[in-house]
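See below for the structure under consideration.
The values are calculated or read from the model by the stated rules, or taken from the named source; none is laboratory data. Since this is a predicted model, take the numbers as computed values, not measurements. As a convention, Cβ positions derive from the backbone with ideal geometry for all residues, glycine included, and neighbour counts pool all protein chains shown.
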Amino acid sequence: MIEKTEQHFLDKVFASSGITKEELKLIIPRYKEVTFNKNEYLLKEGQVEKKYWFIESGFIRSYIIDTEGNDITFNLYASGDVVIDYPSIFFFAPTRENIQALSDCVCWEIDVESFQELFGSVPNYREQQKGLLVGSYFALKEHSISLIADEAKDRYLRLLKEKPHIIQNISLKHIASFLGVTDTSLSRIRKEISLE
């Protein structure tokens, strides 16, 4: 039963990356299915990341603690997303993020040694991973610019359009923090939109 799930989900993950069936036979056995319970941590600040995950089901967030001790949501993840702290895994540096399950989750995990081996020996895997890195960088940059240059309502509408499943399944507190607004402001924005 697990093999069918593994094949189905990981085939889908790698489907558009040009990875061949022969390469999949090398790649898929390196991943293992893991589950995380709601509120469980995948990674805590100060740890060095030694694994990363594709989410099959569930929701995860990364957050940081600001200089005043506030919990600020840095990113939100859902099915199909890769959860990784790139600086920690590539430079073996202690992370500044906390990565926490917001629901019960099923993920596919690969350890850094297997990742590095595949990255070095399977060109299509390397290209796929580079694509994920570049995509992650652009998403982070776009979000950072949006926090400065866009109105809060526009940030919310973009998230609603691009990731409605996030809006439907994650608490307003975490969404507000991710969008850089207070819970009260987000409630007001949502009310305005519903009246339009």
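Quick look at the values:
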| read-out | value |
| --- | --- |
| Any pair with Cβ under 6 angstrom, 6 or more apart, that starts in the range 22-49 at a residue that is within 29 Å of ASN124 (Cα to Cα) and ends at one that is polar (S, T, N, Q) and part of a helix (DSSP H, G or I) | GLU23/ASN124; ARG30/SER114; VAL48/SER88; GLU49/SER88 |
| Every residue from the range 34-90 that is surrounded by 22 or more Cβ atoms within 10 Å (Cβ to Cβ), in a loop (DSSP other than H, G, I, E, B) and among the aliphatic types (A, V, I, L, M) | ILE84 |
| Residue identified as surrounded by fewer than 16 Cβ atoms within 10 Å (Cβ to Cβ), in contact (Cβ under 8 Å) with a residue 40 or more places away in the chain, outside the structural domain of ILE60 (by TED's automatic domain parsing) and among the aliphatic types (A, V, I, L, M) among ILE175, ILE193, ILE170, ILE166 | ILE193 |
| From LEU186, LEU140, LEU147, residue being in contact with a Gly (Cβ under 6 Å, 6 or more places away or on another chain), within 20 Å of ASP71 (Cα to Cα) and either of a type outside the set (Lys, Arg) or not in a helix (DSSP H, G or I) (or both) | LEU147 |
| Complete set of residues in the range 98-137 that are at pLDDT below 95 and either assigned to a strand (DSSP E or B) or closer than 24 Å to LEU159 by Cα (or both) | GLY131, LEU132, LEU133, VAL134, GLY135, SER136, TYR137 |
